[in-house]
Each structure stands twice: as C-alpha cells, then as structure tokens.
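> Just passing along the structure, written as structure tokens.
The values are calculated or read from the model by the stated rules, or taken from the named source; none is laboratory data. Computed from a predicted structure; not experimentally measured. Glycine gets a Cβ as well: all are built from the backbone with ideal geometry, and neighbour counts include every protein chain shown.
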Amino acid sequence: MSPLAIAITIAAYFALMFAVSLVSSKGSGNSDYFSGSRSSKWFVVAFSMIGAAMSGVTFVSVPGMVGASGFGYLQMCIGFLAGYIVIAYVLIPLFYRMNVVSIYQYLDNRFGVSSYRTGAWFFFISKMLGAAVRLFLVCLTLQLLVFGPWGVPFWVNVLVNVGIVLVYTFRGGVKSIIWTDTLKTLCMIVAVVLCIVFIARDLGIGLGSLARDIRDSGMARIFHLDDVDSAQFLPKQLIGGFFTVIAMTGLDQDMMQRTLSCKNYRDSQKNMIVSIFMQIVVIFMFLCLGVLLYQYAAANGIPQRGDELFPAVATSSKVPDIVGILFIVGLVASAYGAGGSAVTALTTSFTVDILGIKGRSEEEVTSLRKKVHLLMALLMAVTIIVFEKVSDTSTINAVYTLASYTYGPILGMFAFGILTKRKVRDGLVPVVAVAAPLVCLVLQLNSERWFGGYRISYELLFLNALLTFAGMALLSRKDPSVTKA
C-alpha cells in the first residue's frame, strides 16, 4: 500500500468517527461526560465493550502469539469469564448503590482520603503509561508506512494522532466514547472476518474446510498442562485471567465508566455477561486468523513472526490491497478507541478524585474538566515522544510490566474493603501500596534462582494484591461500624 492510500484510509475513518462523536455529544454536559447521564442502552455498551477491551497491540499480538502458544490464550479467557461474573455480581451492585462518579470514591468512604488518593494515583500512572505505549506503537507503524516516507518528523505524527483523540472526546466524554467504541468494534470484527476470507481464499482453503484446516495445522492447541514452570501452564493462565480482568476491568475507571453509564445495575450486569461471551468469540476469530497468517507467511517466504507477522502480511504486495486497508482500519480503530477512552477516564479520575469537584458550580466543573482534558492529552503526547527517544523492546516490556504492577495494590485495597469489616490506619496505606509491588519485583527477578526454576508470570498480579491485603491487615483493627459491601 502507498503512504497516500494509507493516509486516505485513516482520514476516512477519522471523518466517520468524528461524525459519530459530534452527533452523540450534542447537548452534552458534565453528567454526560462523566457517566453518560446513566442512560446508555445495555446492549450498545456490551457491543462497545468488545472494542474497549482490545487495543492496537491486541490487534497485532493475538494473531502473532499463535506461533508460540497456539490457542493457549483461550485458557486466560476462561479466567476472564469467571472474573466478569465477579464484577457483575459483586462490584457493579456496590458501585451503583454508592452512586459513584469515580469508582475510587469507594476507597474514601471505606478507609479515608489517603487510601482514596492512593487508588486514584495508581490508576493514573498505570493508565497513562499503558495508553501511551499502545498509541506509541501505532504511531511507530504510521511513521514507517506514512509519515516517514513523507519526511514528517515523529513528534508531528504524535501531535496529529493525539490531536485526533482530543477532538472527538473533548465534548462528549463517556457518552461519545460508547458510540465511537461501537464503531471501533464493528470495524475490528469486519476487518478480522474479511481478512480471514481473503487470506483463506489466497491459500486455496474453502470456507467449508477452514475449521478442519485450522484444527489440523498443529497450532490449535488450547490446554497446556505439561510444564508447571511455563507461563502457558493452565492454572497460571486461569489465575492470571481471573485476577487480571477483575483488576483491569472491574477496578479500572476507564472500563467501568462506560459500564456504569447503564441506567441501573441489572442492565449493567447484562452488559457485562453478554460482552464477555462476545469477546471470547472475537478472540477466537483473531486466533484463527493467526493460523492463516502463519500458513500464508510460510507459503510466500515472509520471515516475520509474532507482533510483526500481521503487519508484514497485510502490507505485502502478495495479498490484495483490501487486506492492507482492512488491517489499517482495524489498527487505527483500536488505537484511537483505546487512546480516547483512556484520556476520558484519566480526565474523570483526575478531576473528581485528585482535584475534587465538591462545592464547585456546574460552570466551574466544566471549566476544570476541559483544562484537565487538555492536560491529559498533552501529557500523553509528551510520554509518547519520550518513549520514542529511549525505547527498545526491553523498555516497552518494562513499561507494560510497571503498568500491570499498579493494579495489584488497587485490587488488594478493594478486596480488603469488601471482604473484611476491619478499619485500617489510613495514613499508612500508601506505604503498603508502594511496598507490595517492590516486594513482587524482587520475587520476580529472583524466582527462578530461589524456587528451583519456577518463573512467576501471570500470577504476579494476584501475589501483588495478596501482599497489599496482608499489609492492610497488619495495620487494621476490627470496627463494628463497618459492614461488608
């Protein structure tokens, strides 16, 4: 594909996304921005959640992982399903009962302001790093395919992409995000399905024999039970999937903000359960596409593997141009959706949790929110530009690991509040929240040497939360006035 064709594709998608945002944000106020005025249709939210749970990294990584782990990712999906059930029937009723704008307000009500701010700051760091890295990787792809050939510097590329995110989220907030994520989900599904059809046709595989071909490929293994030290070991995947989805969906302001926009908790529960089943179906399609990509690469002498496989095949001159166009649409839809929802969630949490809106008039909150929104977009752009200056593969992996560490203390704090009646010394909670990830880091760096070759992988989040829980228990005393959630 030529740089001009890619740029036209991106511009067309942005025009459509902006039109959806403009219509959905008409007449929006602070309530629409923060919570969608609690008026979203549950089935629309459920469909939009598919795209919300998948970033541009997911779009290229899930097909690429098939070569190393087959369909093993479905093991984690079983853990996701169990985690979504807990979110739907434990966390959602709690948040609706408290009528929170930010989910971290629970920590204020349960423990105090130090715990509240700790949860908000951990979310802020994690979401900023995670969202910036996701958009950074997309900016790198666009720099290679579009901006680089035109001689445009990387920082201009970043400002253009962050500017696009800013424009379509500035007015409508979560109300716009739900509808643009619906568009994103539709584009991703269409892109994956049509890529499967076109690549299978090029390989001479009929749709009637597609399932048999994938099954016989040797890359469709789901369950891994033969090596306890492997990151793919089934119990690790189940535990990792369960706690990851509770922390990164149920205790993530970004994901829960759209979920809590449903008019009541029962609609929100229906959204969660339906959404996870649809997500598993879409993930399965990505994995099937991965098998076909590896087969196509082998047949056509394409050497790339892993994350580089899908971009290499899609932009190869050996495949029809429509496959490249579909890849760009899916990638850009994923990137802008993830960036937009992250900026909105960061704005909400920073405005409500860290700066505070109590006692402010509607006009003051609106002015504050808009300033914070601009600040969040600017911080994201600066973070992406810094990544470009210092990045290598290990740096990116380190940032992802750091982002995942920050959810452990949040999970531990919520678990302690929900499962116990004890009161903690609120001022010392930040110390516990910082100490737990540091201990986990030491354990992860030394686990193979200390534990006979055992590698800590997806269970790290659970361990992090457990240490936070234990630390809060040491700082606690029974308080009869506190009731379980």
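> With the requirement that a residue be at pLDDT 85 or above, loosely packed, with under 12 Cβ neighbours inside 10 Å and not in a loop (DSSP other than H, G, I, E, B), what does the stretch 348-366 give you?
Once the filter is applied, which keeps residues that are at pLDDT 85 or above, loosely packed, with under 12 Cβ neighbours inside 10 Å and not in a loop (DSSP other than H, G, I, E, B), the stretch 348-366 yields E363, E364.
> Among the residues of the stretch 97-134, how many are within 20 Å of Y405 (Cα to Cα) and not charged (D, E, K, R)? Full working, then the answer.
Narrowing the stretch 97-134 to residues within 20 Å of Y405 (Cα to Cα): 103-104, 107, 114-134.
Still in the running and not charged (D, E, K, R): 103-104, 107, 114-116, 118-126, 128-133.
Qualifying residue count for the region: 21.
> Something else about it: Go through the stretch 110-159 residue by residue and tally those that are touching a residue at least 12 places away in the same chain (Cβ under 8 Å) and on the phi > 0 side of the Ramachandran plot.
1
> Can you tell which of G172, G130 is at pLDDT below 85, under 22 Å from D252 (Cα atoms) and not in a helix (DSSP H, G or I)? Show your work before the answer.
Details: G130 fails: not in a helix (DSSP H, G or I).
Exactly one of G172, G130 is at pLDDT below 85, under 22 Å from D252 (Cα atoms) and not in a helix (DSSP H, G or I), namely G172.
> I would also like to ask the following. Condition first: within 17 Å of M248 (Cβ to Cβ), at pLDDT below 90 and touching a Lys or Arg at 6+ places or on another chain (Cβ under 9 Å). Can you find one or more residues in the stretch 437-446 that meet it?
No, there is no match, as no residue in the stretch 437-446 is within 17 Å of M248 (Cβ to Cβ), at pLDDT below 90 and touching a Lys or Arg at 6+ places or on another chain (Cβ under 9 Å).
> Further, regarding this structure: Which numbered condition in (1) surrounded by 16 or more Cβ atoms within 10 Å (Cβ to Cβ); (2) at pLDDT 80 or above; (3) within 29 Å of V62 (Cβ to Cβ); (4) in contact with a Leu (Cβ under 9 Å, 6 or more places away or on another chain) is the only one that H373 fails?
Every condition holds for H373 apart from (3).
> Please note which helices (runs of 4 or more DSSP H) are completely contained in the stretch 246-342 and include at least 3 residues that are closer than 28 Å to L203 by Cα and aromatic (F, W, Y). Lay out the reasoning, then the answer.
Numbers: elements: 253-259, 265-300, 309-314.
In the stretch 246-342, 265-300 are the helices (runs of 4 or more DSSP H) which contain 3 or more residues that are closer than 28 Å to L203 by Cα and aromatic (F, W, Y).
> For the stretch 224-245, how many residues meet the condition of being under 22 Å from I276 (Cα atoms) and either over 23 Å from the mean Cα position of the chain (by Cα) or outside any helix (DSSP H, G or I) (or both)? Write out each step before concluding.
Quick first cut of the stretch 224-245, residues under 22 Å from I276 (Cα atoms) only: 232, 234-245.
Now narrow it down to the ones that are either over 23 Å from the mean Cα position of the chain (by Cα) or outside any helix (DSSP H, G or I) (or both): 232.
The total comes to 1.
> Checking A12 against (1) buried (at least 19 other Cβ atoms within 10 Å of the Cβ); (2) at pLDDT 80 or above; (3) assigned to a helix (DSSP H, G or I), only one condition comes out false. Which one?
The number of the failed condition is (1).
> Looking at the stretch 41-70, which of its residues are within 14 Å of G241 (Cβ to Cβ) and either modelled with pLDDT of 90 or more or among the charged types (D, E, K, R) (or both)?
Hits for the stretch 41-70: nothing passes.
> Please find, within the stretch 461-485, the residue that is surrounded by the most Cβ atoms within 10 Å (Cβ to Cβ) out of those that are at pLDDT below 80 and either in contact with a strand residue (DSSP E or B) (Cβ under 7 Å, 6 or more places away or on another chain) or not in a loop (DSSP other than H, G, I, E, B) (or both).
Pass one, the stretch 461-485, residues at pLDDT below 80: 478-485.
Those still in the list that are either in contact with a strand residue (DSSP E or B) (Cβ under 7 Å, 6 or more places away or on another chain) or not in a loop (DSSP other than H, G, I, E, B) (or both) too: 478-479, 482.
On the way: K478: 9, D479: 12, V482: 14.
Among those residues, the one meeting the criterion is V482.
> Condition first: assigned to a loop (DSSP other than H, G, I, E, B) and over 12 Å from Q295 (Cβ atoms). Now tell me which residues in the stretch 193-219 satisfy that. Give the derivation first.
Taking the stretch 193-219 as the starting set, the residues that turn out to be assigned to a loop (DSSP other than H, G, I, E, B) are 203-206, 216-219.
Across the stretch 193-219, the qualifying residue is only G206.
> While we're here: Restricting to the stretch 109-120, give me the number of residues that are assigned to a helix (DSSP H, G or I) and either surrounded by fewer than 20 Cβ atoms within 10 Å (Cβ to Cβ) or out of contact with any helix residue (DSSP H, G or I) (no Cβ under 9 Å at 6 or more places or on another chain) (or both).
The qualifying residues number 4.
> Which residue out of I239, I178, I189, I164 is among the β-branched types (V, I, T) and either at pLDDT 90 or above or under 21 Å from V133 (Cα atoms) (or both)?
Details: I239 fails: either at pLDDT 90 or above or under 21 Å from V133 (Cα atoms) (or both); I178 fails: either at pLDDT 90 or above or under 21 Å from V133 (Cα atoms) (or both); I189 fails: either at pLDDT 90 or above or under 21 Å from V133 (Cα atoms) (or both).
Residue meeting the stated conditions: I164.
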